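This report refers to the structure that appears directly beneath it.
The values are calculated or read from the model by the stated rules, or taken from the named source; none is laboratory data. Note that this is a predicted model, so its numbers are computed, not measured. Don't worry about glycine lacking a Cβ; one is built from the backbone with ideal geometry, like all the others, and counts go over all protein chains shown.
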Amino acid sequence: MAKHGSVSRVPGVLKYRGGYASATNTPDLTVAPSGIKKGDAWAVTDAGSFFAAAVEAGDLLIAVQDNPTELGHWTVVQSNIGGAIVDADFTGADGLLLKTGSGAYSLVKVKLDATAAPAVTDDSGDGYAVGSVWIDVTADKVYQ
């Protein structure tokens, strides 16, 4: 292939254009955008919205067509998982995760392989609470 000057854009390749401040729509990507090409990409620098989608700092906005004018003309790549529940959020042994409210969760201890009924000493000091489950596999009984 012959080289004819510099290559400014290769089809199918992302071109990082810089940061995008969603609170101020800077640079303008939603109201009156101009010159945006398929593959142009911006990293979100603050929490806010992009068209009707919530975005957070670190998300990546990628134009999927030239001159995008709506959310469907973009791919929004989440770099964070706000609100995700991960193993490190909880301590203790086996348990069940119970949703107790909007964005609120509680971990309750369970015993799924007991060979006897729970004793008087198997209580909150051991991590058991309302919602806990104890299954005595020998007597085929469930305690809640």
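Listing for the model above:
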| quantity | calculated |
| --- | --- |
| Top-ranked residue of the stretch 118-144 - restricted to ones that are more than 16 Å from Leu97 (Cβ to Cβ) and aromatic (Phe, Trp, Tyr), ranked as surrounded by the most Cβ atoms within 10 Å (Cβ to Cβ) | Trp134 |
| Residues satisfying the stated conditions in the stretch 59-117, i.e. loosely packed, with under 12 Cβ neighbours inside 10 Å, out of contact with any strand residue (DSSP E or B) (no Cβ under 9 Å at 6 or more places or on another chain), of a type outside the set (A, V, I, L, M, F, W, C) and at pLDDT 75 or above | Glu70, Gly72, Gly101, Ser102 |
| Residue list for the stretch 123-144, restricted to those being at pLDDT below 80 and either part of a strand (DSSP E or B) or among the acidic types (Asp, Glu) (or both) | Asp123, Asp126 |
